[in-house]
């Protein structure tokens, strides 16, 4: 008998001990549980923890991956601090993150709100909105590359057909950033909308009824009822989009990567160079493993700063995280329907 | 280009609504029209890139470059596919992707459910500390260790080989955490007690009770793992140094970077990479969408 997760079970069965209910088992008799959980820890030690420690060391070295490793102390970091290309990548990453996350979360909220009205074919709409999220980003980056192509893209063809001037999406600094942001928005709006929709379905109907009685219109209801009720989920999506935004790689790499034939990485003026693309380029194209590792740790520091900000946001509204977990079972059932 | 389409549909809807629900107020009808209109625009934008992929993959490169653009699918898909196969080993890459994504899905489902079952339903010394450690590993960003992971793989002699993509991900914190939630919620303690009374050991109980009772969560985790592994790009790009071994994503990226001018062919390759996944997603979409949302709400 090993069941003890439920305190009541453990206590309650104490009387009728056909087999002894053991609250705490010895190390030896628990061997099957240790065997069961060990794969994860072993794999993490070898393929997770060890590389991370190794990368700390590598960031203090100069190494091309083949020759001798030479220890250079803080030189990589000293270079990083005054490396204009690195700071350009940081600013690109943050700009693309802002111009993709803000419209994306707003559109997702709006879509969830609309889907939450009692409409037909909700199932179909949910699938249609979610499909972009499960498709290969490599393939779709290629598709977006031709949709936004300067010369033959459907976007510019449409502009021409409407008698408007065309825009060099893939060869101007803002065009590049907008194209990448559009791909991110396209891929993640539906995902976020599905999350919001699930949370909306957990909001009691009478809250909306009360708003209606008070004479609140569509927009008033949206901003005064819907958004506050969704705050925990919104914070969750902000956190996930921060993680995703800082790690942006595939979209810029496919469109503006090294092997793109035009000889430049990151597009015009490196406008599409993100931190991870720069890390990849320095590590595996320039074969500068030491500097690549230093960039990785700079990215980690940036991610940590954002994690602290996110954590502050969560903590300051201390009533926020709890309702989410308390109502979870009901919500998930609601979603499954 | 979607605007006229929209008005037509909206008008049709308004007509239908007006016929079937004659007593509704004008304002109500208007708000319905606006709601459906916005949703339709969203659906069109969401699906348009897929439609455009279909159009381009069935067109010749000349048609793609032409103006005015060809808005309807053409008839050159097979020809484009033949060109793809002639230039890259697309079938081999596809097979590799299936091997990697399939074995990862299977391994993750088995190993994560074992660990999750132990964490959720058994007490053993150090359990809570170990679980906290597992949660902390969540916070470690994956891209941090790209370089050292590559070095490790080359020390192991795994660069250019599929196990470099499979083994490191064979068990993960996300799945264990998720399935533990499922196990706590859905496996009654009494069932495990009676199995134990009948003399079933831990692994027997896992196989005959936990696996069947967790099948919803397992299906989700399996599909999720498959999709993620299938779409993974940066790690295969780094570690598959052997040009003979590629996944669909790296093969496609290579196709795109080497044959930049043959768009019809590149798009045909993209179709091959997108279609199996959409199929798998559509089969499991109910489970998938529900659980994505449930998982996030728990977080």
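The values are calculated or read from the model by the stated rules, or taken from the named source; none is laboratory data. As the structure is a prediction and not an experimental result, all values here were calculated from the model. Glycine also receives a Cβ, built like all others from the backbone with ideal geometry; neighbour counts cover every protein chain displayed.
The residue list B:237, B:255 contains one member that is part of a helix (DSSP H, G or I) and free of Cβ contacts under 8 Å to residues at least 60 places away in the same chain, which is B:237. Identify all residues within segment B:143-184 that are at the interface with chain A (Cβ under 8 Å from one of its Cβ atoms), under 25 Å from the mean Cα position of the chain (by Cα) and without any contact (Cβ under 8 Å) to a residue 12 or more places away in the chain; write none if there are none. If the condition is that a residue be at the interface with chain A (Cβ under 8 Å from one of its Cβ atoms), under 25 Å from the mean Cα position of the chain (by Cα) and without any contact (Cβ under 8 Å) to a residue 12 or more places away in the chain, then B:144, B:145, B:167 are the ones that fit.
Conditions tested, residue by residue: (1) under 16 Å from the mean Cα position of the chain (by Cα); (2) within 30 Å of residue B:186 (Cα to Cα).
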position	(1), (2)
B:210	no, yes
B:218	yes, yes
B:234	yes, no
B:251	no, no
B:258	no, no
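Residues in segment A:216-233 that are in contact (Cβ under 8 Å) with a residue 24 or more places away in the chain and outside any helix (DSSP H, G or I): 1 in all.
Quick one: in segment B:280-298, which of the residues that are within 7 Å of chain A (Cβ to nearest Cβ) and crowded, with 19+ Cβ neighbours inside 10 Å is farthest from the chain's Cα centre (by Cα)? Here the answer is B:297.
Let's see how each residue does on (1) touching a residue at least 24 places away in the same chain (Cβ under 8 Å); (2) in contact with a strand residue (DSSP E or B) (Cβ under 8 Å, 6 or more places away or on another chain); (3) farther than 27 Å from residue B:268 by Cα; (4) within 11 Å of another protein chain (Cβ to nearest Cβ):
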| residue | (1), (2), (3), (4) |
| --- | --- |
| A:122 | no, no, yes, yes |
| A:136 | no, no, no, yes |
| A:157 | no, no, no, yes |
| A:164 | no, no, yes, no |
| A:188 | yes, no, no, no |
| A:191 | yes, no, no, yes |
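Of the residues making up segment B:259-279, those that are at the interface with chain A (Cβ under 8 Å from one of its Cβ atoms) and surrounded by fewer than 18 Cβ atoms within 10 Å (Cβ to Cβ) are B:260, B:278.
Against the condition more than 7 Å from every other protein chain (Cβ to nearest Cβ) and part of a helix (DSSP H, G or I), how does residue B:43 come out, does it pass? When the stated conditions are applied, residue B:43 does not pass them.
For segment B:132-142, a residue qualifies if it is part of a helix (DSSP H, G or I) and either free of Cβ contacts under 8 Å to residues at least 24 places away in the same chain or under 19 Å from the mean Cα position of the chain (by Cα) (or both), and the qualifying residues are B:132, B:133, B:136, B:142. Cβ separations smaller than 7 Å between residues 6+ apart or across chains give the following pairs from segment B:198-214 residues that are part of a helix (DSSP H, G or I) to residues that are surrounded by fewer than 17 Cβ atoms within 10 Å (Cβ to Cβ): B:208/B:200; B:209/B:191; B:213/B:186.
Let's see how each residue does on (1) surrounded by fewer than 21 Cβ atoms within 10 Å (Cβ to Cβ); (2) closer than 28 Å to residue B:33 by Cβ:
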residue: A:129; (1), (2): no, yes
residue: A:132; (1), (2): no, yes
residue: A:143; (1), (2): no, no
residue: A:175; (1), (2): yes, no
residue: A:191; (1), (2): no, yes
residue: A:207; (1), (2): yes, yes
residue: A:213; (1), (2): yes, yes
residue: A:219; (1), (2): yes, yes
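Sub-6 Å Cβ pairs linking a first residue in segment A:21-45 that is more than 17 Å from residue B:210 (Cβ to Cβ) and facing chain B (nearest Cβ under 7 Å) to a second residue that is modelled with pLDDT of 95 or more and not in a loop (DSSP other than H, G, I, E, B), at least 6 apart or interchain, number zero. Assuming residue A:258 fulfils every condition listed in (1) modelled with pLDDT under 90; (2) crowded, with 24+ Cβ neighbours inside 10 Å; (3) at the interface with chain B (Cβ under 10 Å from one of its Cβ atoms) apart from one, which condition is it? Answer for residue A:258: the failing condition is (2).
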